[in-house]
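Working notes, structure below.
Each reported figure results from applying straightforward, stated rules to the coordinates on display, with no laboratory input. Computed from a prediction, not measured in an experiment: that's the story for all the values here. Here the Cβ is made from the backbone with ideal geometry for all residues, glycine too, and neighbour counts use every protein chain on show.
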Amino acid sequence: MSKFYLTTAIHYVNDDPHIGHMYENIVADVIARHRRRLGDDVWFLTGTDEHGQKIERSAAKEGILPIELADRVVKTHHALWKKLEISNDDFIRTTQQRHRIGVLELIRRIQERIPDDIYLGEHKGWYCQSEETFVPENQVRDSRDESGHPVEWTTEQNFFFKLSRYTEPLLMHYRKHPDFVMPQTRMNEILAFVEQGLKDLSVSRTSITWGIPWPGEPNHVVYVWMDALTNYISALGFGSADDEKFRRYWPADVQLIGKDIIRFHAVYWPAFLMAAGLPLPKRILAHGWWLRDNQKISKSLGNVVRPYNIIDDFGADPFRYFVLREMVFGQDQNYSDEAFLGRYNADLANDLGNTMSRALKMADSYFGGKTPPTACEDNELLRASRDLVPEYLRAMDDYAFQRALEIAWRFLVAVNGYIVSHEPWKHFKQRGADEPLSRIIWNCLESLRIIWVMLAPFMPVVSADALRRLGSDPNAIGRQDLDWGRLPVNIPIRAGEAIFPRIETSTYIGGTMSNPPIETTQAAPPDLARITIDQFREIDLRVAEVRAAEKVEKSKKLIKLTVFDGDGERTLVAGIATRYSPEELVGRKVIIVANLQPAKLMGVESNGMVLAASIDGEPSLLSVDAAVPAGTKVK
Ligand code: MSP
């Protein structure tokens, strides 16, 4: 039995899972179920990425601790994976002790093998908090990265990993394993990126605390990507006394991720592993993006799609089928509920459901509710299955799920054609349930049985029920069940109700089934909540120096400030007295809005506003380095 270790990306817990996360876990689940029935000893890992600034800030916004946020959101993840029939063997959270052990062990091994692979240095650059990464200068425009996420200029004393040393070893690895990253286009992107030469990578942060403390340096936390990537081995017990799983399953056979995070998986991760003297994953498999109105779905863009209602109303299987049939693996695809309903009615209710009902009804009425008494070893459907099953298996091997499903549908079309051309109802009328009719109906049921075995990884629940209806045992499905001839004769079948009842699109979208109807899957109105860069530029933000400060009489909160704004002095009133005394403000550099219309506060005219963050009403002044001169524009 060969082992097969399969992982997904671990998902951030700053929000509930959306269709992108759902798709990823469904794809992984299809691969896992397929490999299991081929006889592999599969270990399937998914989990959550719970450290880093993104989580820290989301929690702060809610006024709760990061771990409280993680504990809450991880529950939604668990519940959703259960609903979607995800058959993962393990679930890792990066806040678990076993993970910390693994991360520290990885760092220890790197430091032990090549001591100068990790060194202390200064990091200056544009940091994108939403992607938890430094963004190259040439990808920054107007303080935003290429996807529009805000970036901040950041200077830090960090630990660095000597990634530059791994340019050549990585290129050699890619040349030796041209399928290391799949699809090929993604491998080419990575090659082009690494061929430019790699820069060293900072692997610790001092500006945040929500992470794993760097060994021996409590002011530093491990960079969240180094932390997160290590989940693939920490979950197997790497670094602990009980590392049996690590020894059995590592290296991963497939690491499934979205195309946006290939660089981390195909460059950084293998470099860390090389440095630690560990084997590299065999394959990084990258899927495309789910889009809404041609834009990537993401929390920061505010166009998130969570079709939870579809799963509640239709069950997991139709949705699983839909996402795998609709998206060409590796490419991007728009989501809409209408497209789901279209496929549900056409492919599932009509093609698959009707063919199934028809065949079962005929067996029911012609053969007394049993599979017919005579099997058939030579006919056009058998020949179709001999062509289509190997093609299907190749498609599954190539992770071409859409093709695999199309092949199953080709078989279904053949069954329909066979029924139409043999007209069993006429045969029955004329000659009754004789042996030729037995063969005809048996062929239909046998073909459907094979089709359902093909569909089993995609629709595990419905296929089990369908196989039972056909008189087959859905448990212990193996590779051999794709072969012709395994449907028993004279076994009870169950015609029963439609497998996929037709749902009128207008009824569903109109909202009689689900309450509220599809609200969660509507796109956000285009950018209403955002301002343009020109609107932002209208605000005159500058650095100012506080020259004098005094409390405003009879006010607990207000302080009157005299500030120098680069052009001259002006008076401002700020509600910061609960936190700051006038004395400590003098000489301090603050950020002001210089072109605000004047306003009177407790009788004092304020010409502008001082910027401060407020935590439950407690202000914290925004500041800049003392060396920045008053009057400097903030942009
Ligand atoms: N936490 C990191 C991954 C660390 S792995 C060591 C992360 N998390 S994520 O929650 O943002 O994304 C998790 C996975 O979902 C990634 O593989 C990502 O590509 C995928 N998707 C996120 N949005 C997506 C779409 N809109 N469409 C399809 N998948 C996308 O990145």
Determine the shape class of segment 165-309: with a ≥ b ≥ c the square roots of the Cα gyration tensor eigenvalues, call it rounded for a/c under 1.5, and otherwise prolate if a/b is greater than b/c, oblate otherwise. rounded
For the Cα atoms of the chain, what angle does the longest principal axis make with the long axis of helix 167-176, in degrees from 0 to 90, nearest 10? 10
Please turn the phi angles of segment 435-451 into ³J(HN,Hα) values with the Karplus equation 6.51 cos²θ - 1.76 cosθ + 1.60 (θ = phi - 60°), one per residue in order, whole Hz, x for glycine and proline. 5, x, 5, 4, 5, 4, 5, 4, 4, 5, 5, 5, 5, 5, 4, 5, 4
Could you give the length gained by full extension between ARG479 and ASN294, i.e. 0.36 nm per residue of separation minus their alpha carbon distance, to one decimal place? 62.7 nm
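Per-residue ellipticity at 222 nm for the chain, helices alone: DSSP H runs ≥ 4 residues times -39500 (n - 2.57), over residue total, nearest 500 deg cm²/dmol?
Numbers: 22 runs with 241 residues, N = 635.
Result for the chain: -11500 deg cm²/dmol, rounded to the nearest 500.
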Using the alpha-carbon atoms, what tilt in degrees (0 to 90, nearest 10) does helix 355-366 show relative to the longest principal axis of the chain? 30
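Find the relative contact order for segment 367-443 and round it to a whole percent, using C-alpha pairs within less than 8 Å whose residues are 6+ positions apart. Mind showing how you got there, number by number?
Details: 48 pairs, mean separation 37.3, N = 77.
Averaging sequence separation for qualifying contacts and normalising by length gives 48 percent for segment 367-443.
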Amide H proximity to THR48 below 5 Å, modelled H, separation 5+ or other chain, gives HIS11, ILE92, ARG93, THR94
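Just how large is the dipole of the chain about the Cα centre, in debye to the nearest 20, putting +1 at every Lys and Arg Cβ and -1 at every Asp and Glu Cβ? Before the final figure, lay out each step's value.
Details: 77 positive and 86 negative charges, 141 e Å.
The dipole magnitude comes to about 680 debye.
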Skipping prolines and chain starts, which residues have an amide H placed within reach, meaning under 5 Å, of the one on ALA612, given they are 5 or more residues away or on another chain? LEU622
Karplus-derived 3J(HN,Hα) from phi for segment 135-143 (6.51 cos²θ - 1.76 cosθ + 1.60, θ = phi - 60°), whole Hz, x at Gly and Pro, runs 9, x, 3, 6, 9, 9, 9, 6, 6
Tally Lys/Arg at +1 and Asp/Glu at -1 over every other residue whose Cβ is under 14 Å from the Cβ of LEU324; what's the total? -3
Charge dipole of the chain about the Cα centre (unit charges at C-beta), most positive-ward option of LEU561, LEU445, LEU348: LEU445
Most exposed first by the Cβ proxy, i.e. fewest other Cβ within 10 Å, how do PHE329, PHE458 rank? PHE329, PHE458
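Write down the percent of antiparallel bridges among all DSSP beta bridges whose residues are both part of the chain, to the nearest 5.
Details: 52 of 73 bridges.
Close to 70 percent.
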Cα long-axis angle, helix 316-326 against the chain (0 to 90 degrees, to the nearest 10): 80
Net charge around VAL224, counting only other residues with Cβ within less than 11 Å of its Cβ (Lys, Arg = +1; Asp, Glu = -1)? -4
3J(HN,Hα) from dihedral phi, segment 100-108, Karplus parametrisation 6.51/-1.76/1.60, rounded to Hz, x for glycine, proline: 4, 4, x, 5, 5, 5, 4, 4, 4
Residues other than ARG72 with Cβ under 14 Å of its Cβ, Lys/Arg counted +1 and Asp/Glu -1, net out at -3
When a footprinting reagent is the concern and you count Cβ atoms within 10 Å, what order do THR133, THR507 take, fewest first? THR507, THR133
What relative contact order, as a whole-number percentage, does segment 192-337 give when Cα pairs under 8 Å and 6 or more residues apart are counted? 16
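Note the full-extension length gain between GLU146 and GLU62 as 0.36 nm times their separation in residues minus their Cα-Cα distance, in nm to one decimal. Don't skip to the end; give the middle numbers.
Details: separation 84, 0.36 × 84 = 30.24 nm, distance 2.83 nm.
So the extension gain works out to 27.4 nm.
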Please give the length that would be gained between ALA79 and GLN196 if that part of the chain were fully extended, namely 0.36 nm times their separation in residues minus their C-alpha to C-alpha distance (nm, one decimal). 37.7 nm
Looking at the chain, which longest stretch skips every one of the GluC sites (Glu not before Pro) that is in a DSSP loop with at most 10 other Cβ atoms within 10 Å, leaving the sites themselves out? 1-376
Can you compute the label reach from VAL624? Point 7 Å from Cα along the Cβ direction, backbone N cut-off under 19 Å, restricted to segment 131-147. 141-144
